[in-house]
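Trainee: Sharing a structure below in structure tokens format, with a few things to ask.
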Amino acid sequence: MNAEEFTVETLPDGGARVTLRLDEPLPVRDAVPEIAVDGRVVGPAKESPDGLSLTVETSDTSVAGAERVDVAWNGQVPGATATPPKSAAAPVTPKGLRRKQLYTDPAQPGPYAVQRLDYDLGDTAATLSGLSDLPVELRSAVYAPAGTKGARPVVVFLHGRHSACYNPTTRQTNNTNWPCATGFIPIDSYLGYTETAEALATHGYVVVSVSANGINAKDASFTDDNGALARGQLVMNHLDLLKKWNGTAGHPLAGRLDLSNVGLMGHSRGGEGVVEAALLNSETKHPYGIRAVLPLAPVDFGRPTLPEVPMTVLLPYCDGDVSNQQGQHFYDDTRYSVPDNVLRTSLMIMGANHNFFNTEWTPGVSIAPSNDDWSPANDEVCGSASPSRLTAAEQRAVGTAYLAGFFRLAQGGETAFLPLFDGTNGTVPSAGRAVVYAQAQQPGARRLDLAPLEGPADDVSVTGFDLGAYCYGVAARVRPGDTPCSATTATSKVPHWTPATFAPSVPISPVLRLQWSAASVSPEVRVDLGPGEGNVTKYDALTFRAARDETAAGDVDLDVTVVDRRGATATVRVGDVSPALTPFPSSANTTNGISRLGKTWLRTVRLPLDALTGVDLHSVRTISVRPATATGGVYLSDLALDSPGVGGGVATSAVAVDLADATVAEGDGPGVATMRLTLGGKLKQAATVQVQTAASGSASAGQVPALAFPVTIPKGATSATIEVPLAGNTAANTASLRYKITISAPVGAVIGDGFAWLTVLDDDPA
């Protein structure tokens, strides 16, 4: 795509507006487009309604001298450079990965025939406040088990952002009109999950796959959140329809739906949408019984959390659309946000891309135009011809295995599928040669957290390392004096530390970072067990998350030693039981000299307690982690004792926090603008939210600086305030200025309405 021209305008507050005009609309992706000035990304861009221009506003005045402006995605400018690929070997099972074959395969058909009960109320059947009250369709494919008696569990599927319409003659796509323009018809993205839907329906589940083309056509221009709220509202609208029909005598669905047992799957922007739906559901007077949520290759622009519901996040390693795999934040941010009793999992599917879980997004099987989102096609790891890349059929098969398995586990109580999700490396025949890695946090009642390793603690000592510090984020987003987890500018390499689109400055995913060399003196991480914690016999394993440091070269390994009250010890080498410290496959193909692959991603290490011979497991005193190689580096997180389980999902009881719009006068100098937080109930414990000022999408930048800070809401509160720094001046401006303020990453609460506008009025005479 070639840019026709760009402009840079000076704003009244001293910032700048960069506008890039395009010769054709952007490709429709789930990732948010960005603008790069002279090869440097300056921020996420707002798309015009016709898709032919992008705009970003920034306080960085150096853009005034721009010589080149480009579209960027996930921090990189496509096609800047290309390195010829090397040959690649076929995938092998890494050292330490012992896959356990399950006897039951969730992709195998069950005893019921599938009955289709689709419904279509038209292209303009509903309006959504999250989409500026624009009309959208109410259309779904319904896959029901034939011949069953009584109410059956319900699973709702929500596809992601794809072109809404196409011309069947010219094969041209269009994503700027809804309903479709003359000569164009809708692209049926919602029909792309039939294989998985039928696998569930044959086992007694009613699957409802929802069309969201109306949102896709308008979310870039008419929403503050890229459509997350609208997608959540759409899911809730469909649940309300199902409830109505379930109680309507004579309707084909009458009495057949158990809406106290609902699962949600969302693909890409649909992943963020189903998380939003579950949060909206918890605020209703009579919530539906959402028992399971599965974001598939999701976006996470605003960093909400979703506690008290079993959740599995699926991440495809070769994702060429949401290549920074920001959906990992749903797992990371929720782990300790609210005490709960549910299984939480994040899975990395090697060789899978973004699109091919949906047949309507897959060339060769789709009716409308579609594409392989990964590029370049000749990449030695993720290219279409690479031996390590799954075929489209293989990808759908592994997707069906894990999607169907998760809902049958969490909603149906079929614990035979637990090893697919609990970090014990289960697999099934339908997954074929796919390698799937896991992070898993077991339910609170089946887990003892010894050391989250998110910050210093009295019972944890870190000694002797060249670097032994708690880190967070990437170098460009760390406050002065703090330790970054990564120096890379290619956020696709570090899913844990990808800055969120609407909360880019908020600290993210703290872990313990260790580096050592031959000169290190007795390096050790030691965790002391407290009173009442020494008897560990009721747990199955000692677990933690680990990854090799991005700077490490060669073999990296650790020894974990357990010491009892008599001083007896037992040591296990991590590499003998887990592949967590082996590198992920890298590629020679680069953009701006940086590869998207060779990702750093934490994997769960499980050390079975029955392997710790020679120590008294009734009286464990300390756990030590030491290097087992002469040099190296690792990231560590979440040291715990646990036993696998699922727990029961409920509508979260955590109080929802909303941020309200505000209007203030600018003042004549530095000051603050007060904005109000309202709560959906009284806090039983203190809570914290992170505030991002001048977030992406702000109409200006200058009077309000772009920064992030935490706000603590005291126990018992039903409201609170935040104070946003305000510059103020004595110069007359031509207009009022607006800034988007975001709250995210809550602890002790959940996010309700996390976006608000702060309007700053000019109070100086002309």
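Trainee: Answer yes or no as to whether Val274 is open to solvent by 10 Å² or more (accessible area, probe 1.4 Å) and β-branched (Val, Ile, Thr).
Mentor: So Val274 fails the test.
Rundown of residues vs (1) at pLDDT 95 or above; (2) closer than 17 Å to Leu639 by Cβ; (3) not in a loop (DSSP other than H, G, I, E, B), yes/no style:
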{"site": "Ala440", "(1), (2), (3)": "yes, yes, yes"}
{"site": "Leu453", "(1), (2), (3)": "yes, yes, no"}
{"site": "Val462", "(1), (2), (3)": "yes, yes, yes"}
{"site": "Cys471", "(1), (2), (3)": "yes, yes, yes"}
{"site": "Ala476", "(1), (2), (3)": "no, no, yes"}
{"site": "Pro484", "(1), (2), (3)": "yes, no, yes"}
{"site": "Thr488", "(1), (2), (3)": "no, no, no"}
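Trainee: Hey, can you tell me all the residues within the range 573-595 that are crowded, with 21+ Cβ neighbours inside 10 Å and assigned to a loop (DSSP other than H, G, I, E, B)?
Mentor: Of everything in the range 573-595, those that are crowded, with 21+ Cβ neighbours inside 10 Å and assigned to a loop (DSSP other than H, G, I, E, B) turn out to be Ser578, Ala580, Leu581, Ser587, Asn589.
Trainee: While we're looking at this one, here's another question. For the range 412-422, which residues satisfy the criterion of being of a type outside the set (Ser, Thr, Tyr) and either surrounded by fewer than 24 Cβ atoms within 10 Å (Cβ to Cβ) or at pLDDT below 95 (or both)?
Mentor: Passing the criteria: Gly412, Gly413, Glu414, Ala416, Leu418, Pro419.
Trainee: If you scan the range 711-729, which residues turn out to be touching a Lys or Arg at 6+ places or on another chain (Cβ under 9 Å), part of a loop (DSSP other than H, G, I, E, B) and aliphatic (A, V, I, L, M)?
Mentor: Within the range 711-729, just Ala717 meets the criteria.
Trainee: Something else about it: If a residue has to be in contact with a strand residue (DSSP E or B) (Cβ under 6 Å, 6 or more places away or on another chain), of a type in the set (Gly, Ala, Ser) and within 22 Å of Asn216 (Cβ to Cβ) to count, how many in the range 5-61 make the cut?
Mentor: The total comes to 3.
Trainee: Mind counting the residues in the range 117-162 that are small (Gly, Ala, Ser), outside any strand (DSSP E or B) and in contact with a helix residue (DSSP H, G or I) (Cβ under 8 Å, 6 or more places away or on another chain)?
Mentor: Adding up the residues that qualify gives 4.
Trainee: Quick one: which of Leu239, Leu280, Leu259, Leu253 is farther than 22 Å from Pro25 by Cβ, under 19 Å from the mean Cα position of the chain (by Cα) and not acidic (Asp, Glu)?
Mentor: Criteria check complete, one pass: Leu280.
Trainee: Here are the criteria: (1) under 30 Å from Asp224 (Cα atoms); (2) open to solvent by 10 Å² or more (accessible area, probe 1.4 Å). Tell me which single one Ala141 does not satisfy.
Mentor: So Ala141 meets the others, but not (2).
Trainee: While we're here: Return the pair list, or none, for Cβ contacts closer than 7 Å from residues in the range 146-159 that are under 30 Å from Ile215 (Cα atoms) to residues that are of a type in the set (Asp, Glu) and surrounded by fewer than 24 Cβ atoms within 10 Å (Cβ to Cβ), at least 6 apart or on different chains.
Mentor: Pairs that qualify, where the first residue is under 30 Å from Ile215 (Cα atoms) and the partner is of a type in the set (Asp, Glu) and surrounded by fewer than 24 Cβ atoms within 10 Å (Cβ to Cβ), are Arg152/Asp258; Pro153/Asp258; Val154/Asp258.
Trainee: Additional query: Among the residues of the range 730-759, what is the count of those that are in a loop (DSSP other than H, G, I, E, B), open to solvent by 40 Å² or more (accessible area, probe 1.4 Å) and farther than 30 Å from Glu308 by Cβ?
Mentor: 6
Trainee: Here is a follow-up. Conditions first: (1) farther than 23 Å from Asn353 by Cβ; (2) open to solvent by less than 20 Å² (accessible area, probe 1.4 Å); (3) among the acidic types (Asp, Glu). Asp258 passes all but one, so which condition is the exception?
Mentor: Asp258 satisfies every listed condition except (2).
Trainee: For the list (1) touching a helix residue (DSSP H, G or I) at 6+ places or on another chain (Cβ under 7 Å); (2) touching a residue at least 40 places away in the same chain (Cβ under 8 Å); (3) surrounded by fewer than 23 Cβ atoms within 10 Å (Cβ to Cβ), I need the number of the one condition that Cys485 fails.
Mentor: The single condition Cys485 does not satisfy is (3).
Trainee: Evaluate the range 596-611: report whether one residue or more is more than 28 Å from Gln328 (Cα to Cα), surrounded by fewer than 21 Cβ atoms within 10 Å (Cβ to Cβ) and touching a Gly at 6+ places or on another chain (Cβ under 8 Å).
Mentor: no
The values are calculated or read from the model by the stated rules, or taken from the named source; none is laboratory data. Bear in mind that the values here come from a model prediction, so they are computed numbers and not experimental data. Glycine also receives a Cβ, built like all others from the backbone with ideal geometry; neighbour counts cover every protein chain displayed. To get the accessible areas, we keep the full protein, side chains included, count just its heavy atoms, and leave off ligands, DNA and RNA. Shrake-Rupley method; radii C 1.70, N 1.55, O 1.52, S 1.80 Å.
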